[in-house]
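Trainee: So that we are looking at the same thing, I have put the structure below in structure tokens.
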Amino acid sequence: MSQEILIAGGGIGGLVAALSLKAAGFAPRVFEQVREPRPLGVGINLLPHAVRELTELGLAEMLAGNAVATRELLYVSAHGQVIWREDRGLAAGYRWPQYSIHRGVLQMKLLEAARARGIPVETGRRVAGFAQDAEGVTARFEQGGEARGAALIGADGIHSRIRAHFAPGEGPPCWNGAILWRATTVAAPYLTGASMVQAGHHDQKFVCYPIRHLPDGRVLTNWIAEMKVDPAQGFAREDWNREVDRARFLSHYEGWNWGWLDVPGLIRGAEQVFEYPMVDRDPLPRWTDGRVTLLGDAAHPMYPIGSNGASQAILDARQLALQLARAKGDVPAGLAAYEAERRPPTAKLTLANRALGPDVILEEVHRRAPHGFTDLYAVISREELETTAAEYKRLAGFDPALLNARESWSVGA
Ligand SMILES: Cc1cc2nc3c(=O)[nH]c(=O)nc-3n(C[C@H](O)[C@H](O)[C@H](O)COP(=O)(O)OP(=O)(O)OC[C@H]3O[C@@H](n4cnc5c(N)ncnc54)[C@H](O)[C@@H]3O)c2cc1C
């Protein structure tokens, strides 16, 4: 009989872990605290390494039908001047696309796929704690009752209950003083119709990308306005459903209509705007104990820089299944091998994102030419721009040549 693996959390990480474990011959069981999962959140990007993993799980068609294949990425100054432009996805030579997609839509489609493949996803069940022995692990639920399995995976997000076991007394996430206002707006397409734009600098940024092409030719554009605020204000606990008045930040973006992109227009056109503090947590010195481990935001919540949150959770999920399968029944050994594969790179990435990740070029250009430039390469060399972009791809695991050449993580491939 296949080993039962308990998963706390039915977000993107938990569901892809379940799909990967099932494909590898295990019997995953997902417990999600929410009684009726709904498509919450706004847009996310799935980088080609994560798209490769979802493709190998048979989900390529689902992605193509529900996302926009990102064509290019532009870095732009606060004056609307282009600093860096690079192809993305297939256009950049990857064997897999990069996708911009609504986070909630992706979660619902993964839930559908899990159920269609016979994976039990039990909703309204919040894991409150666990106990383990030599034979297995028992998860306890806040609503009462228990479940027993060979392993417990904490895929329960940034406020993970399972993480508390590895980091007792850790407290709230670390906040860097920036607030993100996030929304979607139905608008006319800009540039290629599939372009991702990162504009501004450290203290004031704007990111946007289309996540759906609509039948009338317009696009549903996801956007994020990010500003540093007075740290004395403190921050409210992250809540993806907290709506705010856009008057709090709109005036700061009034001058950001550059003709080819109308930032204040996008902000005005959104139906609802959500607020979220820029938070992460310190990398953990370990995240596995015997039959229990962490995955996704529970393991390594990072700033949403470089489009990595969901992608890294997907990579975790696939490595988890691969390493457990390779361990041939020795669950603690499999989980330890999974941690050895995933903890070092995700810790580096968390710290790199604290240092602005690839967005550092925006800050550099702003620092060196705060009022704009006439000759970009007099401000920053082409080599510096190329190196920054290439190094981040290597660090995050999506260097095109390495990704295209590396072996599959599918069990038995
Ligand atoms: C409601 C919501 C909306 C989001 N919206 C966006 C967005 O718009 N853009 C973006 O970039 N990122 C968003 N994120 C974050 C993004 O989804 C994650 O960074 C990324 O996908 C990693 O996913 P994860 O599965 O590790 O964690 P999460 O996506 O946080 O999923 C964790 C899941 O575990 C469940 N859970 C928590 N505690 C328990 C428990 N004790 N027992 C059982 N279940 C539990 C949660 O309800 C949730 O479904 C959102 C997250 C959530 C929860």
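The values are calculated or read from the model by the stated rules, or taken from the named source; none is laboratory data. Computed from a prediction, not measured in an experiment: that's the story for all the values here. Positions of Cβ are generated from backbone atoms using ideal geometry, with glycine treated the same way; all protein chains shown enter the neighbour counts.
Trainee: Mind checking which residues of segment 307-349 are surrounded by fewer than 24 Cβ atoms within 10 Å (Cβ to Cβ) and part of a loop (DSSP other than H, G, I, E, B)?
Mentor: Ala327, Lys328, Gly329, Asp330
Trainee: Just give me the residues in segment 109-134 being in contact (Cβ under 8 Å) with a residue 60 or more places away in the chain and of a type in the set (A, V, I, L, M), in sequence order.
Mentor: Once the filter is applied, which keeps residues that are in contact (Cβ under 8 Å) with a residue 60 or more places away in the chain and of a type in the set (A, V, I, L, M), segment 109-134 yields Leu110, Leu111, Ala113, Ala114, Ile119, Val121, Val127.
Trainee: May I pose another question? Does any residue of segment 28-47 turn out to be modelled with pLDDT of 95 or more and away from the ligand (no atom under 16 Å from the Cβ)?
Mentor: No.
Trainee: Next question. Enumerate the helices (runs of 4 or more DSSP H) found wholly within segment 353-413, keeping only those where 2 or more residues are under 20 Å from Trp96 (Cα atoms), touching a residue at least 12 places away in the same chain (Cβ under 8 Å) and touching a helix residue (DSSP H, G or I) at 6+ places or on another chain (Cβ under 8 Å).
Mentor: Because the criterion is at least 2 residues that are under 20 Å from Trp96 (Cα atoms), touching a residue at least 12 places away in the same chain (Cβ under 8 Å) and touching a helix residue (DSSP H, G or I) at 6+ places or on another chain (Cβ under 8 Å), the helices (runs of 4 or more DSSP H) in segment 353-413 that meet it are 382-396, 400-405.
Trainee: Return only the number of the condition from (1) surrounded by fewer than 23 Cβ atoms within 10 Å (Cβ to Cβ); (2) at pLDDT 95 or above; (3) within 16 Å of the ligand (Cβ to nearest atom) that Pro304 does not satisfy.
Mentor: (2)
Trainee: In segment 136-151, how many are more than 11 Å from the ligand (Cβ to nearest atom), without any contact (Cβ under 8 Å) to a residue 60 or more places away in the chain and in contact with a Lys or Arg (Cβ under 9 Å, 6 or more places away or on another chain)?
Mentor: Narrowing segment 136-151 to residues more than 11 Å from the ligand (Cβ to nearest atom): 136-138, 144-151.
This time we only want the ones that are without any contact (Cβ under 8 Å) to a residue 60 or more places away in the chain, so: 138, 144-146.
Okay, now just the ones that are also in contact with a Lys or Arg (Cβ under 9 Å, 6 or more places away or on another chain), so 138, 145-146.
Result for segment 136-151: 3.
Trainee: Also: Out of Arg115, Arg85, Arg95, Arg125, I need the residue that is surrounded by fewer than 21 Cβ atoms within 10 Å (Cβ to Cβ), within 16 Å of the ligand (Cβ to nearest atom) and on the phi < 0 side of the Ramachandran plot. Which one? Break it down into steps so the answer makes sense when it comes.
Mentor: Working: Arg85 fails: within 16 Å of the ligand (Cβ to nearest atom); Arg95 fails: within 16 Å of the ligand (Cβ to nearest atom); Arg125 fails: surrounded by fewer than 21 Cβ atoms within 10 Å (Cβ to Cβ).
Testing whether each residue is surrounded by fewer than 21 Cβ atoms within 10 Å (Cβ to Cβ), within 16 Å of the ligand (Cβ to nearest atom) and on the phi < 0 side of the Ramachandran plot leaves just Arg115.
Trainee: Same structure again: Could you check Gln272 against (1) farther than 26 Å from Phe206 by Cβ; (2) surrounded by fewer than 24 Cβ atoms within 10 Å (Cβ to Cβ); (3) within 14 Å of the ligand (Cβ to nearest atom) and say which number it fails?
Mentor: In the conditions (1) farther than 26 Å from Phe206 by Cβ; (2) surrounded by fewer than 24 Cβ atoms within 10 Å (Cβ to Cβ); (3) within 14 Å of the ligand (Cβ to nearest atom), Gln272 misses (1) alone.
Trainee: Follow-up. Please determine whether any residue of segment 264-279 is charged (D, E, K, R), under 19 Å from Thr221 (Cβ atoms) and in a loop (DSSP other than H, G, I, E, B).
Mentor: Yes.
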